[in-house]
Amino acid sequence: FGLFALAPLLLALPTDPSWAVSSDPGGHLALAQGILTGPNGGDLRQVARAFAQLHRAELGLPITSTLGPAQAFSTRFGGSVHLPQFIDGVEVDGARLVITFDLQGRVVRVASSLRSYAQAHLAWNFTGPQALRLGADQIEGAVFRADGAPHGGYQPKVFLVGDQARAGYLVWVPTWRSSENWHLAIDATDGAVLWAQDRVHHGFEA
């Protein structure tokens, strides 16, 4: 990710009414656009992380959550830094912060899908293969190996269930229909199917 000439680290959100902000249902910042900081220099991945920490309350990032490894992307107009939300080293499904910079290293856009919750309950009572089997049993036409194990894959995730953050697995279940692409969220506490989605129609959410 490109480095810019050293400049003061100016992270506070301005009070200028020309910048626009929208909030999520919980009242936390979901989108802000405008000239949100002054110029920043150095590694903008660090700048983005410092910005997020400074505005942790506005973003609704719980104290038991952290921001994972930053991914940086350069564009002709500047660049962006993507920060996923983690709990106990596991990524929260669909939760990330994207901070966009202009060529002067100023923050010009903040988009947040970070998840707030009242309690984190991470109990891993099921393994990944068990979760995959639970998911496959829910999908008509799931493909199984000769030994009875389903084809597919799984990834540990944290899912929000009500106001709780719960351990789980995002599983992929292939079927004999090439027009289907089933993903399911399996609760690792009790094996419940939290949701099932054919992402051929909905698209993939990282």
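The values are calculated or read from the model by the stated rules, or taken from the named source; none is laboratory data. Predicted, not measured: the structure shown is a model, and the values here were computed from it. Because the Cβ atoms are built from the backbone with ideal geometry, glycine has one as well, and the counts that use them run over all protein chains shown. Surface accessibility is based on the protein's heavy atoms, side chains included, excluding ligands, DNA and RNA. Shrake-Rupley method; radii C 1.70, N 1.55, O 1.52, S 1.80 Å.
When 154, 117 are compared by accessible area of protein heavy atoms, the largest-first order is 154, 117, using a 1.4 Å probe.
Backbone phi angles across region 65-81, fed through the Karplus curve with coefficients 6.51, -1.76 and 1.60 (θ = phi - 60°), yield HN-Hα couplings of 9, 10, 9, x, x, 7, 10, 10, 10, 9, 9, 5, 9, x, x, 9, 10 Hz in residue order; Gly and Pro are listed as x.
The accessible-area ordering, largest first, of the residues 127, 37, 100 stands as 127, 100, 37, per a 1.4 angstrom probe.
About the centre of its Cα atoms, region 34-95 shows a dipole size close to 260 debye [charges on the beta carbon of Lys, Arg (+1) and Asp, Glu (-1) only; nearest 20 debye]. Rounded, prolate or oblate for region 145-206? Axes are the square roots of the Cα gyration tensor eigenvalues, ordered a ≥ b ≥ c, and the cut-off for rounded is a/c under 1.5. Oblate, since a/c reaches 1.5 and b/c is not below a/b.
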